[in-house]
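For reference, the structure is listed below as C-alpha cells.
Please treat every number below as a calculation from the coordinates, not as lab data. Predicted model, so just to flag it, every value in this text is computed and none were measured. As a convention, Cβ positions derive from the backbone with ideal geometry for all residues, glycine included, and neighbour counts pool all protein chains shown.
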Amino acid sequence: MDETLLLKDCLKGNVQAQKRLYECYARKMFGVCLRYAPDEAMAEDLLQEGFIRVFTRLGTFRNEGSLEGWIRRVMVNTALEYLRKRDVLRYSTPLDEDAAIAEYDEPEAAGRPGPDLVARLIREMPVGFRTVFNLYAVEDYSHKEIAGILGISEGTSKSQYARARAWLLKRLPSENTSN
Amino acid sequence: MKNSTDPFKDFIRESLRNYEVDPPAGTWDNILSRINQGKKTAFLYVLIPAAAFALLLGAGLVFFLPGKRPAAVSENSGIHVQAPAAGTEQTITEAAGNASPPSAFKLKAGSTNTSASATSSGSPLKVSVTLAAKPADKHITAPAIEPAPEQEPVEGMYAETTPAEVTDSAASELQDFSEDVIAVLIPEAVPAPDPETALIPVTADLPGQDQTPEKTSRSWSLALHYGSLQDFSVEKQDLTMNSRDNSYSFDRTSSRVAVETSFFEDIENTSHNPPVSFGLLLSKPFARRWAAETGLLFTRLGYTVRTTEINDEYKEYYTSLDYIGIPLSLRFNLIDRRRGGLYISQSAVFEKGVSYHTSITSFTRGDAEGAGNIRNRVSGLQMSSLTALGGEIRIFNRLSLFGQAGLQCFFLNSTQPYSIRSARTAWPSFQSGLRLNLK
C-alpha cells in the first residue's frame, strides 16, 4: 500500500481510503487503547475518538516520522485526555526515592510470557501505575516528559514506575508458572 | 528512540511491539457516521451565511424591480373638469404638473361625508377641483364641487372622454379621496361647499410619495476603514487553551504549550491583543437604497500565554496571526439625506491566514531570555458573518465619514489556530472610515 497515495486520498475525504487506513492500523491501535482504558467499552470509545481525530487532523501530519507513530501519539493523547477528564492521575504515593529497582532476570526465549499475557497484566494494574508504566516502558517517554504531560513531579513519575514494575514482576513469574 | 539500559523495559516494548487486538464489529460504522455528522455541521456553517446572503440579495432584487408607484402630484396642481357638451363623452384625466404620463383619477368624498347632488338632466357644469392633502393624512380632503368659472380648456389636459357617472338620486356620497382615484361628477346643482372640506393647496408631500429628491448616487464608491476592539485579559478557563474542546486546530504551538503546561492546566493567564483590521471596500448601488460591496481586508490577531511560575521560572508564548480576507456585503440605506444617512449591512467574510508566528520567552527571577520561535502554516478558511448598523456624514461633496457597530460571528474555527475567535465565536465589531464617491 502506497502510504503517500493513501494519505492524499484520505485528505480528499475519500471514504474508501479512510476505511483502508482504519483497517491497516485499527488492530494495533485498539491494543494501545486497551492498555490505557479501564475496560473494553472505554477502549472502543477511545479508538473511535482517536481515529476521528486522526482523520480530522491528518493535514497536520508533516512526515516527520512514521504514520503509525503519529497515529499512535494521537491515540495516546486521546487516552490521556480521557484520563485527565476523569481526574484519575492527580494522586501520588510517596515512595522512598532510594528504593532499589528490583532486579529482573530476563527469561529464556522459550519461557518468555506472550504479548497477550503482558497486555492483560498491564490492564489489570491500577490506573495511576498503568499510565506512567505505559508512557515510560512502552511509549519511551522520559520521566521529565511524563511529569510535564501528566502534571506530576518527576519524582512521582519515577516512583510510580518503580511500583508498577514491581507489581508486574511479582505477577509475571506466577502467571508464567501457572501457564 | 532512547537507548535503554533497562532489560525489563526492553522486554516489555518488544513484547508489545506487534500486539494487535480485533476491535469490536461496527466500530468503523460509528466512526464513519461521526465523520459525516461533522461534515454536515461544517456544511451548515457555509450554508447558513450563504442562505442569508442570497436572501438579502433576493430582497434587493425585489426592491429593484420596477413597480407601480402612485403618480406624484405637484404642488398646487389642479384638475379642471369641464362638463362635456351634450351628447359628447368626456373623461377626466390627470392634470399633473410633472412629466409622468397622465392617468385617470377618480374623486371620492372625504371622511367628512361630503355629498354632492347630481342629476341626470340639465346642462353640465364646469367643476373646478383642486386636489389637496395634509402631509400626515392618507386621504385627500374632499374638494368642494362648485361651478367652475368659464375657462378655456388647457391643451393636453384632457384626453378621450367617457360619460361621467350621473345618478338620478339626490345625492351620491363620495367616500374617500386618494391621490390616484377620482370620479367625475357633473351635477346640475351643487350644494354649497362645506367649509370643512375647503380646498387646501396640494403639496408634494402626499402619502406614499418620496418627500425628498432621490439622494443615492448610482456611482461607485471606495471606502477605507479601520476596526478594533478593546484589549482584555482572559482568565476564565473556557476562554483559554484547554483540553476540553476542539474549537481550534492542534498545531506545533498549541502542542508545545500543552507539553509545557501539563495539558494546559498550568496556564496562569492568557491576554489577547485588540484585533486590528484595515480594509478597502468597493461599493456599487444597484437599487434605490441598496448597495453591494466587496473589497480586501487585513486583520491582525495576537495573544500571550503565560505559564504558572514555578521555582521563580515561567514562560510566555506570544503568538501573532495575520489574515487576508474578502468581504461580500449588502448595504441598505435606512435614511439617506444630503448631509448623511443611516444604513444596515450584512456581510459574509472569507479570510485566509497568511502568517502565524509564536515566540517563546523564558523568565527567571524576572530576567527574560529568548527560548525559541515557532512558525506554522494556517490551512483552511475562516468564515464569518457580520451584521452592522452604521451612520455616514458627508464632509465634502463626494467624501463622507462613516462609522458602524455590529456583531461578527466566526465559523469553521476548528480548522484555524487558537485565537480570540476560538476563545469566543461572536464579537462586537466597530469600524470607522472614509468613503469616496467615484464618478
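How would you rank A:40-47, A:61-68, highest first, on the average number of other Cβ atoms within 10 Å across their residues?
On the way: A:40-47: 19.1, A:61-68: 11.6.
Listed from highest to lowest mean packing, they are A:40-47, A:61-68.
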Cα extents of the stretch B:325-439 per principal axis, largest first, Å, are 62, 32, 27
Quick note on A:C10, B:C409, A:C33, ordering by fewest other C-beta atoms within 10 Å, gives B:C409, A:C10, A:C33
The convex hull of the Cα atoms of the stretch A:109-178, divided by residue count, gives a volume in Å³ per residue of 83 Å³
In Å, the Kirkwood hydrodynamic radius from C-alpha pairs for the stretch B:281-328 sits at 14.5 Å
Binned at 10 Å starting from 0, the alpha-carbon pair-distance distribution of the stretch A:3-85 in whole percents comes out as 19, 53, 25, 4
Listing B:I374, B:I267 by rising number of other beta-carbon atoms within 10 angstrom, fewest first, gives B:I374, B:I267
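Return A:V54, B:V378 ranked ascending by Cβ neighbour count within 10 Å, so the fewest neighbours appear first.
On the way: A:V54 23, B:V378 20.
Fewest-to-most ranking of A:V54, B:V378: B:V378, A:V54.
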Note: the stretch B:215-437 at 20 °C, 1.002 mPa s; Kirkwood Rh on alpha carbon pairs; Stokes-Einstein D in µm²/s works out to 113 µm²/s
